[in-house]
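Undergrad: Here's a structure for you.
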Amino acid sequence: MMMDYTISRRRMVDQQIVERGISDPRVIDAMLSVPRHLFVETGLQGHAYSDSSLPIGEKQTISQPYTVAVMTEALGLQGTERVLEIGTGSAYQTAILAKLAKRVYSIERIGVFIGRARKVLDQLRLSNVNLKIADGTIGWQDQAPFSAILVAAGSPDIPTEYLDQLEIGGVLVMPVGDEEQQTLLRIVRQSDGSFKREQLMNCKFVPLIGQRGW
Ligand code: SAH
């Protein structure tokens, strides 16, 4: 049976996103419009709007809706930006970014996820996304600089490549810590070359694996 999840999605946004303090109307609209159930396997679609991360195979997870909202809001996107995303996974976060920015460059190390991502993004007619199978811990030098970088996997520290690939005023959001727990950081490149750093919340992501990660 084809299910229409509009009511579940509205409830997710009201209870998990708006009630917890997310207020950027563009982020709220994007989360109301992207059909999250299309980013999980058929057997889990009934859980797609629940308040949790979910398995997507290959020992990876689709992030909890609230986490996606916090990270996206922290980027302050207006629609003109070029955004780098590390860890495409299910491509749910990718789709939200594609709604809110001009172009999204998303890197994933696991090939099967890129195939699925292409399919679902095509289905939703989100054509402003470039996908690449690679180690994202060194960023995407050919396409730099970026107005925003979002990293969806936890790292022991911040790869300098990410800082180098940010434009002035650009924002990096990423979880940094050990494998058990991380702090979500928001880092802004200042015009004098320094970086302003802020802690957003505690979180638990799967590990960022590669040259500069684990
Ligand atoms: N935003 C995704 C998160 C998926 S989990 C979602 O909500 O579905 C994090 C993803 O980061 C995993 O798919 C994992 O394979 C990927 N990843 C881990 N290390 C990576 C690296 N060095 N480069 C690219 N992707 C990486």
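Undergrad: Condition (residue is of a type in the set (Asp, Glu) and in contact with a Pro (Cβ under 7 Å, 6 or more places away or on another chain)) applied to the stretch 128-142: is it met by at least one residue?
TA: Checking the stretch 128-142: not a single residue is of a type in the set (Asp, Glu) and in contact with a Pro (Cβ under 7 Å, 6 or more places away or on another chain).
Undergrad: Sticking with this structure for a sec: What residue, among those in the stretch 56-73 that are among the hydroxyl-bearing types (Ser, Thr, Tyr) and part of a helix (DSSP H, G or I), is nearest to Ile187 (Cα to Cα)?
TA: The selected residue is Thr72.
Undergrad: Just a yes or no: is a residue in the stretch 120-128 touching a Lys or Arg at 6+ places or on another chain (Cβ under 9 Å), closer than 17 Å to Gly87 by Cβ and in contact (Cβ under 8 Å) with a residue 24 or more places away in the chain?
TA: Within the stretch 120-128, not a single residue is touching a Lys or Arg at 6+ places or on another chain (Cβ under 9 Å), closer than 17 Å to Gly87 by Cβ and in contact (Cβ under 8 Å) with a residue 24 or more places away in the chain.
Quick grid of which residues meet (1) open to solvent by less than 10 Å² (accessible area, probe 1.4 Å); (2) under 25 Å from Thr80 (Cα atoms); (3) in contact (Cβ under 8 Å) with a residue 40 or more places away in the chain:
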position: Phe146; (1), (2), (3): yes, yes, yes
position: Ala152; (1), (2), (3): no, yes, yes
position: Ile158; (1), (2), (3): no, no, no
position: Asp178; (1), (2), (3): no, no, no
position: Gln182; (1), (2), (3): yes, no, no
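Undergrad: Find the residue count for the stretch 132-183, including only residues that are in a strand (DSSP E or B), under 17 Å from the mean Cα position of the chain (by Cα) and closer than 23 Å to Ala69 by Cα.
TA: Residues meeting the conditions: 18.
Undergrad: Here's another thing I want to ask about it. Would you check which residues across the stretch 41-99 are among the polar types (S, T, N, Q), away from the ligand (no atom under 12 Å from the Cβ) and surrounded by 21 or more Cβ atoms within 10 Å (Cβ to Cβ) and list them?
TA: Selection gives nothing.
The values are calculated or read from the model by the stated rules, or taken from the named source; none is laboratory data. From a predicted model like this one, the values you see are computed outputs, not experimental measurements. So basically every Cβ, Gly included, is an ideal-geometry build from the backbone, and we count neighbours across all protein chains shown. Quick note on the areas: whole protein, heavy atoms, side chains included, nothing else; ligands and nucleic acids left out. Shrake-Rupley method; radii C 1.70, N 1.55, O 1.52, S 1.80 Å.
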